[in-house]
Amino acid sequence: MGYKITAKEDLSPIDYFVEVEAPHVAKAWKPGQFVVFILHERGERIPMSVYKAEDGKVGMFIRKLGKTSLQLYHEYKPGDELWSFVGPLGKPIKVKNYGRVAFVSDAVCGHAENRATLKVMREAGNYTISVQTFEDREKVYPTRFLAREVADEYYLTTLDGSVGIKGHYLDVVRELIEKDRVDVIFAGGSLRNLAKLAELTRPYGIPTYATVRQIMVDGTGMCGSCRVLYDGEVKFACRDGPVFDAHKIDWEDAIRRNYERFSEQERLAKERYLEYLRAKGVI
Amino acid sequence: MPKLIKERVPTPERPVEERVKDFGEVNLGYTFELAVKEAERCLQCPANYAPCIKGCPVHINIPAFIAKIKEGDIKGALRIIWNDNTLPAITGRVCPQEDQCEGACVVGKVGQAVNIGKLERFVADYARKHGIEEELLCEFEEKCTGELGKVAVVGAGPAGLTCAGELAKMGYKVTVFEALHKPGGVLIYGIPEFRLPKEILDHELAKLKRLGVEIKTDHVVGKTVTLEELLQEYDAVFIGTGAGTPKLLNIPGILLDRIYSANEFLTRINLMKAYEFPEYDTPIAVGKKVIVIGAGNTAMDAARSALRLGCDVTIAYRRGEEDVTARIEEVEHAKEEGVKFLYFVQPVEFIGDEKGKVKAVKFEKMEPLEERDSRGKRKIRPTGEYVTVEADTVIIAIGLEPNRIISEEAGIKTNPNGTLVVDENLMTSVPGVFAGGDAIRGEATVILAMGDGKKAAKAIDEYIRAKKASA
Ligand SMILES: Cc1cc2nc3c(=O)[nH]c(=O)nc-3n(C[C@H](O)[C@H](O)[C@H](O)COP(=O)(O)OP(=O)(O)OC[C@H]3O[C@@H](n4cnc5c(N)ncnc54)[C@H](O)[C@@H]3O)c2cc1C
Ligand SMILES: Cc1cc2nc3c(=O)[nH]c(=O)nc-3n(C[C@H](O)[C@H](O)[C@H](O)COP(=O)(O)OP(=O)(O)OC[C@H]3O[C@@H](n4cnc5c(N)ncnc54)[C@H](O)[C@@H]3O)c2cc1C
Ligand code: SF4
Ligand code: FES
């Protein structure tokens, strides 16, 4: 049994959107939770944040990054099937009335969660603030994929200032804090910036929750691949997270483990795959 | 009384030099002639006495099936085994027979015990290859009407699969919910191909399908569906979720690269076929010098898998050789294949290089005492002396505990170690929800998990009958 792709679309030159029919997952998913899919019989188990889970379909934002994400982008089209699709995994975030809730993001997985999180936060009576950072004008997503519609206050920033505010979400957060305009911050995207965000909010004691991406295998707490140090204790990102109190995560180790564990193998697989695409004339 | 032959008929094995280069099965099993010869060593102790039957956790009528082999009636032998054990091709390969049936066998008191495990395996393999199983299955199929009621089974390991098969044969409609993309539990993600070829598991699964059992993979109960939802749709639920959470050492350096839990290492290799990377997409990264910590079956499997990736492998254990808990056959195979052993050492720190990769393990030396603990193992104590051993890859195999996804979600009563509390009928604190296998025992064995699955099936049948009668 496979899981049919129902939509696929470019978001920017580096990111794309894919929607998959998976009613068992869509029915149960809550913001904060993720999914794991496998493309084909020889594929890897790939964790992914969820942009939207409605009508039996699960939508995801994916970066064109390595072997798997490139293969899904180049070789799979609507109507094709993914081999496996499991979820939702991880713990949902706690939705309640915090007051003024901000979600800040600067990369695919964060942008995916920005909209979904703020949607439920707004329904719970919060004042919602969304900040989305992109590199430049070219990389900004089409408007209907942005979190604007679920935010009472919305900031689009680009690093080069080619559209929106010039700067990073960190700059916007600094201002929000100075003006005492935020009660709790949720965040996703690049781990390095999440670490910076944690340092930024720590002195003010602003509760900050971040999606901690780690290399996963099963995604259910069975393998320990995704372990992080949290408050000095070993936790599993897939089971105890993936959203954690950003002030208690040992970021240095989390960043290293996520990017370097299999970097040699990943590079090899990507090169081989690009060669294959070139030979077929796809790129 | 037949003449007592002290020596076992050996089973053919692939030569060491050949087998360490691939993941193909090591032991090749008996041929028909060899099996009959080995069967003739059995003294045919009367069933009410036979110590082997008592030693078997599910009490297979061992002398009876061995007698059938002697007669050349493999169908008869299979029928007898199936009475108590529906997965003989698996248990014949992985049971710790030396502690069970073979450990009790009277021939073993004067010579080598009858090779019951390999005979069991022979019956299963022969029956599968010669269409005998097919004939027996057809008899069963008729009974599988699915009319008595609906049961949900959570987890497709040996406990869940056995429970599902038994219930199907009784006439229930069974749906198995499995978190992973493939059913089998430890049999698929943990135990390597060289001990248990996947085609054997595939065959068992196909059999279950024939009996009308439906397996829904990619379903995590407690996440994808809740237990409460299952209880609304099914007459009863069986939980066979195993003990899948790895224990890690709480010592400095645990986050260094190339330190794996045995579960991660084995899952990447067995379930995801990382040894065929990049033909398969899941990577594995190992260096040249591997230390495996622990000395159970999991440690042996990890060590021998690492060996097959071309590594130099040492097993480090905090106790001595006599307390190694793995099956004897695996320990012997590991030694033959070149795995080294380091005893009486307890890791206290993992030392890393500037890139965050492990480069050595610091151990404290341990010292055995005369005193024994409740499990009969010699107690040990730290000496205050340390030794540092170089290693560029470490695999931690010090044990597993139950995954708490379901108990947390559904509020099922658990023991402090996470195992589910059950009554004598294997019913949990939630009425209509039964459990068995590693989920209630902690790390145990395949045959005990199957025994629970079978016992629970009987209890579930009674429960549903009573429930329907009073409705
Ligand atoms: C909870 C969670 C949510 C995520 N959400 C998104 C998302 O919304 N969009 C998105 O594009 N990516 C997301 N990711 C990351 C995504 O899983 C990886 O980008 C993907 O596995 C890359 O695979 P690849 O073969 O294309 O690249 P590879 O070349 O294999 O890997 C590139 C990088 O991706 C990461 N990665 C690789 N394998 C894994 C793995 N098995 N598990 C986790 N990370 C891995 C590593 O940082 C690695 O360096 C998420 C990861 C986690 C853990
Ligand atoms: C590496 C290794 C080697 C071993 N070698 C031997 C051996 O040689 N001989 C022997 O007798 N025993 C051996 N054992 C022990 C034996 O494998 C276990 O005792 C046995 O598998 C337990 O069976 P089970 O059905 O209870 O659980 P498992 O086999 O663990 O199966 C549980 C299943 O439930 C699934 N699951 C878990 N949670 C959920 C959920 N919430 N929803 C849906 N599905 C879920 C899991 O994915 C898994 O498939 C070994 C164990 C390991 C790890
Ligand atoms: S104890 Fe040994 S000799 Fe006696 S019946 Fe069992 S296998 Fe045969
Ligand atoms: S991915 Fe295996 S424990 Fe988290």
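The values are calculated or read from the model by the stated rules, or taken from the named source; none is laboratory data. This one's a predicted model, so the numbers in the text were calculated from it and none came from an experiment. Cβ: placed from backbone, ideal geometry, glycine included. Neighbour counts: every protein chain shown. Remember, those area values only see protein heavy atoms, side chains included, never the ligands or the DNA or RNA. Shrake-Rupley method; radii C 1.70, N 1.55, O 1.52, S 1.80 Å.
Within 10 Å of each Cβ in B:274-285, how many Cβ atoms from other chains are there, averaged over the peptide? Could you put the intermediate results ahead of the total?
On the way: counts 4, 0, 1, 6, 10, 1, 4, 16, 11, 11, 2, 6.
Mean number of neighbouring Cβ atoms from other chains: 6.
Long-range amide H contacts for B:Ser261: which residues qualify at under 5 Å (H placed 1.01 Å from N, peptide plane, sequence gap of 5 or more or a different chain)?
HN-HN under 5 Å from B:Ser261: B:Ile396.
For the stretch B:99-252, compute the orientation-averaged projected area of the C-alpha convex hull (one quarter of its surface), in nm². Intermediate results must be reported in sequence, preceding the final value.
On the way: hull surface 54.0 nm².
With the hull built on Cα positions only, its mean projection is 13.5 nm².
Rg(Cα) of chain B divided by 2.2 N^0.38 Å? List each step's numbers first, then the result.
Details: Rg = 22.9 Å, N = 471, 2.2 N^0.38 = 22.8 Å.
Ratio of Cα Rg to 2.2 N^0.38 Å: 1.00.
Just how large is the dipole of the stretch B:55-177 about the Cα centre, in debye to the nearest 20, putting +1 at every Lys and Arg Cβ and -1 at every Asp and Glu Cβ?
140 debye
Among the listed pairs B:Lys173/B:Lys454; B:Lys109/B:Lys454; A:Lys52/A:Lys77; A:Lys96/B:Lys216, which are separated by more than 23 Å between their Cα atoms?
The pairs that break the limit, which is 23 Å between Cα atoms, are B:Lys109/B:Lys454; A:Lys96/B:Lys216.
Taking only protein heavy atoms into account and a 1.4 Å probe, give the accessible area per residue of the protein assembly as shown in Å².
40 Å²
In the stretch B:16-138, if every C-alpha pair distance is counted and binned at 5 Å from zero, what percent goes to each bin?
Cα pair-distance distribution for the stretch B:16-138, in percent: 2, 12, 22, 24, 20, 11, 7, 3, 0, 0.
For a quick check of your reading of the filter: which GluC sites (Glu not before Pro) in the stretch B:380-471 sit in a DSSP loop and have no more than 12 other Cβ atoms within 10 Å? The partial results should precede the final answer.
Values: sites: B:Glu385, B:Glu390, B:Glu408, B:Glu409, B:Glu424, B:Glu443, B:Glu462; in loops: B:Glu424, B:Glu443.
Answer by residue number: B:Glu424.
Of the DSSP beta bridges with both residues in chain B, give the percent that are antiparallel, rounding to the nearest 5.
Around 40 percent antiparallel, to the nearest 5.
Would you mind calculating the gained length between A:His247 and A:Arg192 on full extension (0.36 nm times residue separation, minus the Cα-Cα distance), in nm to one decimal?
18.4 nm
Treating the Cα atoms of the stretch A:191-274 as identical point scatterers in vacuum, please give the log10 of the normalised Debye intensity I(q)/I(0) at q = 0.22 Å⁻¹, two decimals.
The computed values of log10 I(q)/I(0) come out as -1.00.
Please report, as a whole percent, how much of the solvent-accessible surface of chain A comes from carbon and sulfur atoms (probe radius 1.4 Å).
48 percent
Determine the order of A:Ser84, A:Ser263 by accessible area, beginning with the largest, at a probe radius of 1.4 Å.
A:Ser263, A:Ser84
Tally up the carbon and sulfur contribution to the accessible surface of chain B as a whole percent, 1.4 Å probe, everything protein left in place.
On the way: 9370 of 18490 Å².
Roughly 51 percent of what the probe reaches on chain B is carbon or sulfur.
So, how do all the Cα-to-Cα distances of the protein assembly as shown break down into 20 Å bins, in percent, from 0 on up?
Answer for the protein assembly as shown: a P(r) of 16, 46, 31, 7, 0 percent.
Could you name every residue in the stretch B:238-270 that has 50 Å² or more less accessible surface in the full protein assembly than in its own chain alone (probe 1.4 Å, ligands and nucleic acids excluded)?
The answer is B:Leu248, B:Leu255, B:Asp257, B:Glu264, B:Arg268.
Report the equivalent ellipsoid semi-axes for chain A in whole Å, largest first, defined as the square roots of five times the eigenvalues of the gyration tensor built from alpha carbon atoms.
29, 21, 20
Using the structure shown, select from A:Lys67/B:Lys340; A:Lys4/B:Lys209; A:Lys4/B:Lys21 the pairs with a Cα to Cα distance greater than 29 angstrom.
Details: A:Lys67/B:Lys340 37 Å; A:Lys4/B:Lys209 24 Å; A:Lys4/B:Lys21 39 Å.
Distance filter (> 29 Å) returns A:Lys67/B:Lys340; A:Lys4/B:Lys21.
Chain pair A, B: how much accessible area is buried, both chains summed, with a 1.4 Å probe, in Å² to 100?
3900 Å²
What Kirkwood hydrodynamic radius, in Å, does the stretch A:1-160 give when the mean of 1/r is taken over all pairs of distinct Cα atoms and then inverted?
Final number for the Kirkwood radius of the stretch A:1-160 is 16.1 Å.
Hey, what do the phi angles of the stretch A:145-156 turn into as Karplus ³J(HN,Hα) couplings, whole Hz, using 6.51/-1.76/1.60 and θ = phi - 60°, x for Gly and Pro?
Result, ordered by residue: 9, 7, 8, 3, 5, 9, 10, 6, 9, 10, 10, 9 Hz.
May I ask for the percentage of alpha-carbon pairs in the stretch A:100-257 that lie more than 23 Å from each other? Before the final figure, lay out each step's value.
Working: 4514 of 12403 pairs.
Percent of Cα pairs beyond 23 Å in the stretch A:100-257: 36.
Pull out the extension gain between B:Glu134 and B:Leu28, defined as 0.36 nm times the separation in residues minus the alpha carbon to alpha carbon distance; nm, one decimal.
35.9 nm
When only alpha-carbon atoms count, how far does the stretch A:50-90 stretch along each of its three principal axes, as whole angstroms with the largest first?
Each principal axis gives a Cα extent; for the stretch A:50-90 these are 26, 24, 17 Å.
Going by a ≥ b ≥ c, the root eigenvalues of the Cα gyration tensor, does the stretch B:247-396 fall in the rounded group (a/c under 1.5), the prolate group (a/b larger than b/c) or the oblate group?
Verdict is oblate for the stretch B:247-396.
Could you work out, residue by residue across A:38-46, how many beta carbons of other chains sit within 10 Å of that residue's beta carbon, and then give the average as an integer?
That works out to 5 on average.
For the stretch A:138-235, what number of Lys pairs, 8 or more residues apart or on separate chains, have alpha-carbon atoms under 22 Å from each other?
Eligible lysine pairs with Cα atoms under 22 Å apart amount to 5.
Using a 1.4 Å probe on the heavy atoms of the protein chains only, list every residue of the stretch A:252-268 that has 30 Å² or more less accessible area in the complete assembly than in its chain alone.
When all protein chains are present, A:Arg256, A:Arg257, A:Arg261, A:Phe262, A:Glu264, A:Gln265 each give up 30 Å² or more of accessible surface.
Rounded, prolate or oblate: which fits the stretch B:365-430, taking a ≥ b ≥ c as square roots of the Cα gyration tensor eigenvalues, rounded meaning a/c under 1.5, else prolate when a/b beats b/c? All intermediate terms of the calculation are to be shown ahead of the outcome.
Working: a/c = 4.16, a/b = 1.84, b/c = 2.26.
Judged from the Cα gyration tensor, the stretch B:365-430 comes out oblate (a/c at least 1.5, b/c at or above a/b).
Need the list of aspartates and glutamates near B:Lys129 for cross-linking: C-alpha distance under 17 angstrom, and skip anything on the same chain fewer than eight residues off.
B:Glu25, B:Glu33, B:Asp73, B:Glu120, B:Glu199, B:Asp202, B:Glu204
Among all the aspartates and glutamates, which ones have a C-alpha under 14 Å from A:Lys64's C-alpha, if same-chain residues fewer than 8 places away are not counted?
A:Glu9, A:Asp10, A:Asp15, A:Glu75, A:Glu266, A:Glu271
Comparing the chain by itself with all protein chains present, which residues of the stretch A:186-218 are at least 30 Å² less accessible (probe 1.4 Å)?
A:Val217
About its Cα centre, how strong a charge dipole does chain A have in debye, to the nearest 20, once Lys and Arg get +1 and Asp and Glu get -1 at the Cβ?
Dipole of chain A, to the nearest 20 debye: 300 debye.
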